[in-house]
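The values are calculated or read from the model by the stated rules, or taken from the named source; none is laboratory data. It should be emphasised that the depicted structure is a prediction, and the values quoted were computed from it without experimental measurement. Cβ atoms come from the backbone with ideal geometry, glycine included; neighbour counts cover every protein chain shown.
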Amino acid sequence: MGACLSIAGPLPQQRALFFPDRAMPCRQALKGQPCRRKHCTYEHDASRSSLMQLLAVIGDATTTLDVCVFTITCNELADAIIAAAKRKVRVRVITDDIQATSQGSDVSELARTPGVTLRTDHQKEAHMHHKFALVDGTTLVNGSFNWTRAAVLTNYENVAITSGAPGLIGEYTREFERLWRAGSDSKIRP
Ligand SMILES: [Zn+2]
């Protein structure tokens, strides 16, 4: 029986996050520090914040972070990407060329962050509409969730987080690499 298990490999670990969240995370809570504001209306409890749980997954990246999303306007997620680059994680971001220059986009800030390499689709007719990320090449984050503040607080969105599923994660990895090769280096400048 043990032999069968070893051939099959470890079972995939999967969980789902759903949005909208009740509130954005408290800045102090995100830093793991106690909040001293008397009537802070931001979220402190990670178990009630899908965004805090998603940020924790990105925060666990130790080697690589590959992000392929339509748009990034959620500052907390942009900060998590920048923090990953600062701790020497190799960060690659593929995003939509038109969204990248829209108001509120965090993409130009990412483009000037050392350690973050950015590419866009450079197509007028089609959008880079994916919403997935690969953490350390072993954990897949995907779903309807756009990396925007509106998706956190307003929309009904889902995110599935999967690890221990090399077949599925391999397919997403190959697609990311294919899109990366197809995308040109970003012309986005601060
Ligand atoms: Zn607070």
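Taken together, the residues in the stretch 1-35 that are at pLDDT 95 or above, surrounded by fewer than 13 Cβ atoms within 10 Å (Cβ to Cβ) and of a type in the set (D, E, K, R) amount to 2.
Listed here are the residues, each with its yes/no results for (1) assigned to a helix (DSSP H, G or I); (2) within 22 Å of P25 (Cα to Cα).
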| position | (1), (2) |
| --- | --- |
| R119 | no, no |
| V152 | yes, yes |
| T162 | no, no |
| L179 | yes, no |
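This table checks each residue for (1) in a loop (DSSP other than H, G, I, E, B); (2) at pLDDT below 95.
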| residue | (1), (2) |
| --- | --- |
| A80 | no, no |
| K88 | yes, no |
| S105 | yes, yes |
| E109 | no, yes |
| H122 | yes, yes |
| M128 | yes, yes |
| L134 | no, no |
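Remark: A56 falls outside the filter, which requires a residue to be part of a loop (DSSP other than H, G, I, E, B) and either over 12 Å from the mean Cα position of the chain (by Cα) or more than 10 Å from the ligand (Cβ to nearest atom) (or both).
Conditions (1) more than 18 Å from the chain's Cα centre (by Cα); (2) surrounded by 20 or more Cβ atoms within 10 Å (Cβ to Cβ); (3) in contact (Cβ under 8 Å) with a residue 40 or more places away in the chain, marked per residue:
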| residue | (1), (2), (3) |
| --- | --- |
| A126 | yes, no, no |
| L134 | no, yes, yes |
| V141 | no, yes, yes |
| R149 | no, no, yes |
| P166 | yes, no, yes |
| R174 | no, no, no |
| S184 | yes, no, yes |
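Pick from the stretch 36-60 the residues that are touching a residue at least 40 places away in the same chain (Cβ under 8 Å) and of a type in the set (A, V, I, L, M): which of them is surrounded by the most Cβ atoms within 10 Å (Cβ to Cβ)? In this case the residue turns out to be L51. Does K88 satisfy the condition of being among the basic types (K, R) and farther than 24 Å from D60 by Cα? So K88 fails the test. When each of R48, R22, R27 is tested for being charged (D, E, K, R) and near the ligand (Cβ under 8 Å from one of its atoms), the lone residue that passes is R27.
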